[in-house]
Amino acid sequence: MLRLNQSPTDPAFVQNPYPFYDRARAGGDLFFWEEYGQVCVVSHQAVAAILRDRRMGREIPPECQPRIPDRLKPFYDIEAHSMLELEPPTHTRLRSLVLRAFTSRRIAGLGPEISQLSHDLIDKFPTDEPFDLLDAFARPIPVLVICRLLGVPADRADDLLEWSNAMVSMYQARRTREIEDRAVAATLAFRAYIIEVIEQKRRAPADDLLSQLTAAEQDGSKLSTDELITTSILLLNAGHEATVHTMGNGIKTLLETGNRDIHEASVEEILRFDPPLHMFTRWVYEDVTLYGHDFKRGDQVALLLAGANRDPAAYPKPDLFSPTRVGPANVSFGGGIHFCVGAPLARLELVLALGALFDRCPTLRLCEQPEYANVYHFHGLKLLMVRQG
C-alpha cells in the first residue's frame, strides 16, 4: 500500500488539497496517511461502497473507547448522544424521529423565506466598495433558516454561530488546548440555552421541529432529554456549517469560471467540485478484507470524500467545473444510514440563494484572491471579497 506524508495544516495543502488526492489515488483505492496513522480511501468506487458497508460504522467499539480528560467531558457528553456518532438501534430511533419532523413539505415551505432572506441581504450590499460576501450573504442565510426550521429566535443567531464554530473546531487538524477550552465553554453555553428553549416549547409548543421533538421527548420511550439536547445542537451545527462552506466555495468557483446559471445540476456540480467536508471516518467492526487490505476490528478508516469526487474513473476531466455534468452521485453528503438528513434543505438553500444572487448582481466579481481557512478536515474560505461593477 502506498504510504504518504502530508501535513493537513500545510499552507499549500490547505489552499489546494486536490493534487495530494491525485497522488494518493495513483496508488489505488487505498493509501496510508502517515500523519493520521491510518488507512484512507480515495477512489469514488471504494468510498461509495464503504459508506454503505455495515461492517463499519461511526460508533466507537467499546474496547477502543479513549479516556476522556475531565476538562473535556462536557463536550464529549453531548457527542455521546449524537445520532451522527451512533449506530442502530439507537441511531435508527433518533434518525426516524428527526426525519418525521424534517419532512419534505416542511422544507419546501421554507422556500419563500429563503428567497426573501436572500433578497433582503442583497439589498444591503454596498454598491461602490469591496465587501466580504461570506459575512454579507453566505453566513447569515443558513443559520437564520435553521433557526426558523427549529423554532429558535433569530436574534440569537450570532450566539449560535459562535458556539457552533467553537464546537466544530474540535474536529480540525489545528486543534489546540485553547480551541478545546473554547469548545467546552461553547458546549456549556449551548446546552444551557437549548434547555431554556426546550422548557419554552413544553409550555407553548409551536409549528416547528423543536416543538415536535420535545413532544417526542415527553414520551420516555422515544427521546430522552439528553438526546433531545444533543439532537438540537447537532441540527443547529450541521444545519449551517457545511452550507456556509458550500455556498462560499461555490460562489468562488462560479465567479472564477464565469458560470452563473443556477439550477439543480449546477448545484450538484458545486457539491462535487469543492465540497465542505473532505474526510469522514468510520470504525471497523469485524475483520474484513477490502480492496486488497486486511482490516481488523478496532481499525479506523478515513473516507476522503473530496478525493472521491475528483476521481477520473467516475468523472471525466474531474478538475473541470462542468454545470451540466452527468455521472454517479457525488459523496459530499455521505451515504448509507448516515447520509445527511439536511441534504434536501441545503440543496434548496443553494438553488434559491445563489439564483437570487446572480440574478440580482450580474456584475459581481472577485476583487482579491480568495483564501481557504486552516480548518481541515473541513474546507471553507476565510473571506470572499467581492464588489459590484
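The values are calculated or read from the model by the stated rules, or taken from the named source; none is laboratory data. Given the structure is predicted, the values throughout are model-derived calculations rather than measurements. So basically every Cβ, Gly included, is an ideal-geometry build from the backbone, and we count neighbours across all protein chains shown.
Among the residues of segment 294-315, which ones are in a loop (DSSP other than H, G, I, E, B), farther than 13 Å from A24 by Cβ and of a type in the set (D, E)?
Hit for segment 294-315 is D299, nothing else.
Taking segment 130-181 as the search range and keeping residues that are aromatic (F, W, Y) and assigned to a helix (DSSP H, G or I), which one is farthest from H119 (Cα to Cα)?
Applying the first criterion (aromatic (F, W, Y)) to segment 130-181 yields 131, 137, 163, 171.
Adding the requirement that they be assigned to a helix (DSSP H, G or I) leaves 137, 163, 171.
Details: F137: 10, W163: 27, Y171: 34 Å.
So the residue we want is Y171.
Given the structure, is I78 touching a residue at least 60 places away in the same chain (Cβ under 8 Å), touching a Cys at 6+ places or on another chain (Cβ under 9 Å) and part of a helix (DSSP H, G or I)?
Numbers: touching a residue at least 60 places away in the same chain (Cβ under 8 Å): yes; touching a Cys at 6+ places or on another chain (Cβ under 9 Å): no; part of a helix (DSSP H, G or I): yes.
It is false that I78 is touching a residue at least 60 places away in the same chain (Cβ under 8 Å), touching a Cys at 6+ places or on another chain (Cβ under 9 Å) and part of a helix (DSSP H, G or I).
Tell me yes or no: at least one residue of segment 108-122 is touching a residue at least 24 places away in the same chain (Cβ under 8 Å), surrounded by fewer than 17 Cβ atoms within 10 Å (Cβ to Cβ), of a type in the set (D, E, K, R) and closer than 30 Å to A206 by Cβ.
yes
I'm trying to understand the selection: among the residues of segment 151-192, which are more than 16 Å from N237 (Cβ to Cβ) and of a type in the set (V, I, T)?
Answer for segment 151-192, where residues must be more than 16 Å from N237 (Cβ to Cβ) and of a type in the set (V, I, T): just T176.
For segment 230-252, which residues satisfy the criterion of being surrounded by fewer than 22 Cβ atoms within 10 Å (Cβ to Cβ) and over 22 Å from I114 (Cα atoms)?
Once the filter is applied, which keeps residues that are surrounded by fewer than 22 Cβ atoms within 10 Å (Cβ to Cβ) and over 22 Å from I114 (Cα atoms), segment 230-252 yields nothing.
Take the residues in segment 264-287 that are farther than 16 Å from R52 by Cα and among the acidic types (D, E); name whichever of them is farthest from the chain's Cα centre (by Cα). Quick ask: steps written out before the conclusion?
Taking segment 264-287 first, the residues farther than 16 Å from R52 by Cα are 264-278, 287.
Narrowing further to those that are among the acidic types (D, E): 264, 268-269, 274, 287.
Values: E264: 19, E268: 15, E269: 16, D274: 12, D287: 30 Å.
The selected residue is D287.
In the list L235, L255, which residue meets the criterion of being within 22 Å of E79 (Cα to Cα) and of a type outside the set (D, E)? Working first, answer last.
Working: L255 fails: within 22 Å of E79 (Cα to Cα).
Just one listed residue meets the conditions, L235.
Can you work out which of the residues in segment 17-39 that are assigned to a loop (DSSP other than H, G, I, E, B) and in contact (Cβ under 8 Å) with a residue 24 or more places away in the chain is nearest to the chain's Cα centre (by Cα)?
Taking segment 17-39 as the starting set, the residues that turn out to be assigned to a loop (DSSP other than H, G, I, E, B) are 17, 26-29, 34-37.
Filter once more, keeping what is in contact (Cβ under 8 Å) with a residue 24 or more places away in the chain: 17, 26-29, 34-36.
Values: P17: 18, A26: 27, G27: 28, G28: 27, D29: 24, E34: 25, E35: 23, Y36: 21 Å.
Within segment 17-39, the match that is nearest to the chain's Cα centre (by Cα) is P17.
State which residue is nearest to P19 (Cα to Cα) when the search covers only segment 272-288 and only residues that are out of contact with any Ser or Thr (no Cβ under 8 Å at 6 or more places or on another chain) and assigned to a strand (DSSP E or B). If you could, list the steps in order and put the result at the bottom.
Filtering segment 272-288 down to residues out of contact with any Ser or Thr (no Cβ under 8 Å at 6 or more places or on another chain) leaves 278-288.
Restricting the remaining residues to those that are assigned to a strand (DSSP E or B) gives 279-284, 288.
Values: M279: 16, F280: 19, T281: 21, R282: 24, W283: 27, V284: 28, V288: 30 Å.
Once the filter is applied, the top-ranked residue is M279.
Could you grab me the full set of residues in segment 183-200 that are aliphatic (A, V, I, L, M), without any contact (Cβ under 8 Å) to a residue 24 or more places away in the chain and surrounded by 14 or more Cβ atoms within 10 Å (Cβ to Cβ)?
Of all residues in segment 183-200, those aliphatic (A, V, I, L, M) come to 183-186, 188-189, 192, 194-195, 197-198.
In the following step, the residues that additionally are without any contact (Cβ under 8 Å) to a residue 24 or more places away in the chain were identified as 185, 192.
Within segment 183-200, A185 is the sole residue that qualifies.
Within segment 300-314, can you find the residues that are over 7 Å from V47 (Cα atoms) and either without any contact (Cβ under 8 Å) to a residue 24 or more places away in the chain or over 14 Å from the mean Cα position of the chain (by Cα) (or both)?
Q300, V301, A302, G307, N309, R310, D311, P312, A313, A314, listed by residue number.
Could you grab me the full set of residues in segment 210-265 that are part of a helix (DSSP H, G or I) and of a type in the set (G, A, S)? Give the steps one after another, and end with the answer.
Taking segment 210-265 as the starting set, the residues that turn out to be part of a helix (DSSP H, G or I) are 210-217, 225-238, 241-257, 264-265.
Once the filter is applied, which keeps residues that are part of a helix (DSSP H, G or I) and of a type in the set (G, A, S), segment 210-265 yields S211, A215, A216, S232, A238, A242, G248, G250, A265.
Restricting attention to segment 203-213, which residues are modelled with pLDDT of 90 or more and surrounded by fewer than 14 Cβ atoms within 10 Å (Cβ to Cβ)?
R203, A204, A206
Considering only residues that are farther than 24 Å from G111 by Cα and more than 14 Å from the chain's Cα centre (by Cα), which ones fall in segment 331-363?
Correct list: G336, I337, T363.
Quick one: E87 ticks every box in (1) among the charged types (D, E, K, R); (2) buried (at least 17 other Cβ atoms within 10 Å of the Cβ); (3) under 22 Å from L352 (Cβ atoms) except a single one, so which number is it?
(3)
Scan (1) more than 30 Å from E129 (Cα to Cα); (2) surrounded by fewer than 19 Cβ atoms within 10 Å (Cβ to Cβ); (3) in contact with a Ser or Thr (Cβ under 8 Å, 6 or more places away or on another chain) for the single condition G389 breaks and write down its number.
If we test G389 against (1) more than 30 Å from E129 (Cα to Cα); (2) surrounded by fewer than 19 Cβ atoms within 10 Å (Cβ to Cβ); (3) in contact with a Ser or Thr (Cβ under 8 Å, 6 or more places away or on another chain), just (1) comes out false.
Residues being farther than 18 Å from L209 by Cα and not in a helix (DSSP H, G or I): count how many of those fall in segment 101-129.
6
Would you point out the residue of segment 291-350, among those that are of a type in the set (F, W, Y) and in contact with a helix residue (DSSP H, G or I) (Cβ under 9 Å, 6 or more places away or on another chain), that is nearest to L144 (Cα to Cα)?
Quick first cut of segment 291-350, residues of a type in the set (F, W, Y) only: 291, 295, 315, 321, 333, 339.
Filter once more, keeping what is in contact with a helix residue (DSSP H, G or I) (Cβ under 9 Å, 6 or more places away or on another chain): 291, 315, 321, 333, 339.
Numbers: Y291: 43, Y315: 35, F321: 29, F333: 21, F339: 23 Å.
Here the answer is F333.
Report yes if some residue within segment 36-52 is over 19 Å from V331 (Cα atoms), β-branched (V, I, T) and at pLDDT 95 or above; otherwise report no.
If we filter segment 36-52 for residues that are over 19 Å from V331 (Cα atoms), which is where we start, we get 36-38.
If we keep only those that are β-branched (V, I, T) too, we end up with none.
Within segment 36-52 (the criterion being over 19 Å from V331 (Cα atoms), β-branched (V, I, T) and at pLDDT 95 or above), the answer is no, since none of the residues qualifies.
Let me confirm something: among D359, D261, which residue is modelled with pLDDT under 95, among the charged types (D, E, K, R) and closer than 24 Å to P130 by Cα?
On the way: D359 fails: modelled with pLDDT under 95.
Matching residue, one of D359, D261: D261.
For segment 40-68, enumerate the residues that are part of a helix (DSSP H, G or I) and over 17 Å from P316 (Cα atoms). Reasoning before the result, please.
Looking only at segment 40-68, we keep the residues that are part of a helix (DSSP H, G or I), and these are 44-51, 62-64.
Across segment 40-68, the qualifying residues are A46, V47, A48, A49, I50, L51, P62, E63, C64.
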